[in-house]
Amino acid sequence: MVAFILVAALLGLQILLQAPEPAAAAPGDLIADVVVAEYPNRVSPSVAFDGHYLYHVDYGGSVLHRVDVPPAGGSHSATGQVDVPITGVTSGIMTLSYDAGRDAFWAVSGDGLSIYLLRKSGATSLAFTIDPANDRPGYQPVGDFPDETKVAYDRVDDTIWVSADAGTRIYHYHTYADAQGTAALVAATPFIDVNVPPNDMVAQCGYSQSSGVAVGGPHLFISIAGCAYYFEYTKTGVKVGAYAANPYLGPTAEDLECDNLSYSVPVFWLRDGFDGHMRAYQQPAADACGYGGGPAPEPPPPPKPAGLEVAAPSAGRAGEAFLVGVTAKNADGTTATGYTGTVHFTSSDTATGVVLPPDSALTNGQGTFSATLIKAGTQTITAADSANALSTTVTIAINAAPASRFVLASSATPVAGTSFGFTVTAQDQFGNTDPAFAGTLHFTSTDSSAGVVLPANATLTNGQGSFASTLIRAGSQTITATDTATATIIGTLGLTVRAAPASGLALASTATPTAGSSFSFTVSAQDQFGNTDTAYAGTVHFTSSDSSAGVVLPADSTLTNGQGAFSATLIKAGSQTITGTDKLTATITGTLGLTVRAANAASLVLDAPGSAKAGQAFNVTVTLKDQYGNIATGYRGTVHFTTSDPLPTVSLPADYTFTAADDGVRGFQIRLWTPPSQTVRVTDTANPTLTQFKWVNVTLL
């Protein structure tokens with residue numbers, strides 16, 4: 001005790017002389033220092049840190065002391081102290097280690113063998129006891145304080161490390177009791193030794209022992225009383241490093257506790273057993289040792305589900321959404337509530353308008369989604385997670401929506417007057433056949449020709465029907481089917497109707513031919529319905545009712561696409577015909593009726609009697625003719641009459657202009673007086689070449 005007081009006095013003087021230390025930046029440097037109020041009346045080997053405050057108990061004490069974390073620098077007296085009585089432990093508490101996950105302390109009782117969970121309220125519960133005979137293999141009592149046992153909580157695997165004061169073996173226990181209610185050693189790493197070369201402490205301290213232990217990451221950190229070093233070991237007993245305390249101020253380094261929050265560098269709180277100080281020394285690395293047993297371990301990955309279960313209705317309707325349920329299942333058939341995969345959806349239906357759920361996660365292993373399929377028939381939806389090699393497919397019978405249209409189709413190229421087949425299908429808006437359609441169809445066509453045959457009003461069978469029709473007019477035609485009850489349900493078939501084989505020729509002309517002048521006309525090979533037979537390949541021979549010299553008719557000719565344009569010249573005025581006849585099939589024939597006009601007047605003809613009585617009127621006729629002898633019915637000239645009779649009593653017609661009513665012929669009266677004969681001449685006043693005279697014998701009365 002005298003030695004203890006002397007040492008304590010020297011240490012107190014050293015503390016008074018020590019200047020404040022700024023935060024250092026090297027492992028082992030002193031960062032902060034606090035002295036507890038209980039010193040020097042009580043001593044303690046314990047220290048703990050909960051992320052906010054420092055905690056300690058007296059040696060085998062029954063009070064949990066809490067103080068503020070001091071500022072960095074020199075020594076400070078403890079502030080903010082709160083004392084909480086500890087209940088439920090008869091032998092008091094020796095040391096502590098904070099468990100951040102439970103927000104409580106693992107504590108060793110004063111007997112050194114009982115492990116408690118100590119709440120911040122002071123309440124305790126016995127976790128287990130250490131059976132000295134069975135739970136401490138190879139234990140050798142060392143030193144004067146065999147019951148002074150240190151403890152460190154390891155959050156990585158929820159275990160505790162237990163070290164008897166001055167011992168060389170640190171034991172590793174589960175946080176739960178075995179079947180006998182005593183400590184359960186961790187089978188893989190039941191203990192480590194700190195005195196086995198080359199993993200001993202002799203090089204730094206001259207001896208090896210464990211006075212305090214801390215863990216908050218992958219390695220253990222161990223203090224050694226009376227030595228200015230702390231050591232880093234793996235959890236299998238391999239020494240990683242030794243770090244000098246700078247400066248080392250206490251004579252009896254005891255327990256360690258990790259603190260990676262209070263300062264700009266992570267520290268260990270090192271409790272001296274006799275001088276009342278808790279000192280913070282810098283850790284060797286930023287993540288060497290976290291408070292509360294270290295960071296929470298990564299949660300184990302959820303078990304991989306054995307499969308995906310997909311639920312969907314057995315049937316659906318095109319274009320209508322339905323629900324799809326997906327459940328991740330474990331091998332035992334239970335729901336894999338921890339499933340974190342992503343489900344991707346595909347379908348055998350690739351039609352436009354299909355709606356599948358987006359790639360989705362499940363909630364507690366389950367999810368309900370909406371899907372819409374379009375194509376009627378048996379379809380599938382597959383839910384797959386490629387990352388976990390999971391895939392499940394369900395089958396759904398998609399029914400057509402109610403019919404909204406008719407689709408008419410035919411492979412035929414119809415021939416006028418010949419029956420052909422076509423089909424009608426009742427379809428929904430997506431093109432699916434509606435087998436439930438029960439309406440009545442009415443048929444119409446753009447071809448209103450006589451002889452057109454359309455189906456009578458009809459129903460469909462399973463949404464489909466076959467029908468026959470006969471159209472007459474060649475070219476583009478349609479057949480339309482309309483529901484008799486719902487006019488918007490309609491459909492149209494477009495067709496190109498071919499003419500039947502030609503049975504006649506149709507000759508046509510818009511000209512009013514003039515004798516001797518060429519005019520145009522057309523020839524069409526037509527079937528019995530008046531359609532042009534574009535496939536006609538015969539040769540047409542032409543004849544005319546006009547057999548006059550100078551008539552010009554086309555040579556024998558073929559037609560192009562059943563049609564041809566020709567020219568002809570006729571001579572005889574009046575009604576004439578041109579006839580075309582197939583050279584091989586005489587029944588294929590046709591006639592063009594024409595009215596040929598005379599050409600312009602080329603001669604004037606005066607008809608008069610050979611004799612007349614003096615003083616009596618007689619009739620004469622003036623006729624204008626073209627060069628072919630046709631009466632020039634279009635003549636509109638003016639004629640002038642003269643005579644050789646000198647008597648003034650002669651009576652001649654006045655100048656006369658022909659009209660349409662004359663048709664090129666006009667009668668006049670003349671009276672002559674002088675026997676025995678006289679001439680009568682008539683001449684066109686504008687064209688003197690149109691002239692003629694006649695001798696008339698004049699007799700007396």
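Where a number appears in this text, it was derived from the coordinates with a stated rule and is not lab data. The structure presented is a predicted model; accordingly, all values stated were derived computationally and were not measured. Neighbour counts are summed over all protein chains in view; Cβ atoms, including those assigned to glycine, are modelled from backbone coordinates with ideal geometry.
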**Prompt:** Given Gln627, Thr657, Thr643, which one lies farthest toward the positive end of the charge dipole of the range 603-699, if we put +1 on the Cβ of every Lys and Arg and -1 on the Cβ of every Asp and Glu?
**Reply:** Thr643
**Message:** From the Cα trace of the range 405-497, what convex hull volume per residue do you get, rounded to a whole Å³?
**Reply:** 86
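Within 10 Å, Cβ to Cβ, of Ala601, how many net charges do the neighbouring residues add up to if Lys/Arg are +1 and Asp/Glu are -1?
Numbers: positive: Lys625, Arg636; negative: Asp626, Asp684.
Spelling it out: positives minus negatives among the neighbours equals 0.
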**Item:** Charged-residue dipole, Cβ positions (Lys, Arg, Asp, Glu), the chain about Cα centre, Debye nearest 20
**Value:** 5680
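Dividing the alpha-carbon Rg of the range 509-646 by 2.2 N^0.38 Å yields what?
Details: Rg = 22.2 Å, N = 138, 2.2 N^0.38 = 14.3 Å.
Relative to the 2.2 N^0.38 Å estimate, the range 509-646 comes out at 1.55.
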**Prompt:** Angle, helix 2-17 long axis vs. longest principal axis of the chain, Cα atoms, 0 to 90°, nearest 10?
**Reply:** 50
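Would you kindly state how much longer the chain becomes between Leu584 and Ile490 on full extension, computed as 0.36 nm times their sequence separation minus their alpha carbon distance, in nm to one decimal?
The Leu584-Ile490 span can extend by a further 29.0 nm.
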**Request:** Just tell me which lysines come within less than 25 Å, Cα to Cα, of Lys304; anything on the same chain fewer than 8 places away is out.
**Result:** Lys329
**Message:** Defining a contact as two alpha carbons under 8 Å apart and six or more residues distant in sequence, what relative contact order in percent does the chain show?
**Reply:** 7
**Residue-wise HN-Hα coupling along the range 288-299, computed from phi with Karplus coefficients 6.51, -1.76, 1.60 (Hz; x: Gly, Pro)** = 5, 8, x, 5, x, x, x, x, 4, x, 4, x
**Alpha-carbon centroids, the range 514-546 and the range 27-70: separation in whole Å** = 128
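Fewest Cβ neighbours within 10 Å first, please rank Ser544, Ser567 accordingly. Walk me through the numbers on the way to the answer.
On the way: Ser544 21, Ser567 13.
The most exposed by this proxy come first: Ser567, Ser544.
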**Prompt:** Which of the lysines could be linked to Lys235 by a straight reach, that is with a Cα gap under 16 Å, when you skip same-chain ones fewer than 8 residues away?
**Reply:** none
**Alpha-carbon centroids, the range 631-701 and the range 247-267: separation in whole Å** = 158
**Request:** Enter the Cα centre distance for the pair the range 484-500 and the range 557-575, rounded to the nearest angstrom.
**Result:** 40
**Message:** Using a 10 Å cut-off around each Cβ, can you sort Asp662, Asp68, Asp359 from fewest to most neighbouring Cβ atoms?
**Reply:** Asp359, Asp68, Asp662
**Asked** How high is the relative contact order of the range 296-382, given as a whole-number percent (alpha carbon pairs under 8 Å, six or more residues apart)?
**Response** 32
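Defining a contact as two alpha carbons under 8 Å apart and six or more residues distant in sequence, what relative contact order in percent does the range 313-442 show? Each step should come with its number before you reach the end.
On the way: 273 pairs, mean separation 31.3, N = 130.
Value for the range 313-442: 24 percent.
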**Complete:** Listed by chain and number, the lysines with an alpha carbon less than 24 angstrom from that of Lys120, same-chain partners under 8 positions apart left out, are Lys150
**Message:** Counting other C-beta atoms within 10 Å, and keeping those with at most 11, which DSSP coil chymotrypsin sites (Phe, Trp or Tyr not before Pro) do you find in the range 33-137?
**Reply:** none
**Complete:** Most exposed first, judged by fewest Cβ atoms within 10 angstrom, Tyr171, Tyr281 run Tyr171, Tyr281
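For n ≥ 4 DSSP H runs only, could you compute -39500 (n - 2.57) per run for the chain, divide by its residues and tell me the 222 nm figure to the nearest 500? Each step should come with its number before you reach the end.
Numbers: 2 runs with 20 residues, N = 701.
Mean residue ellipticity, 222 nm, calculated: -1000 deg cm²/dmol.
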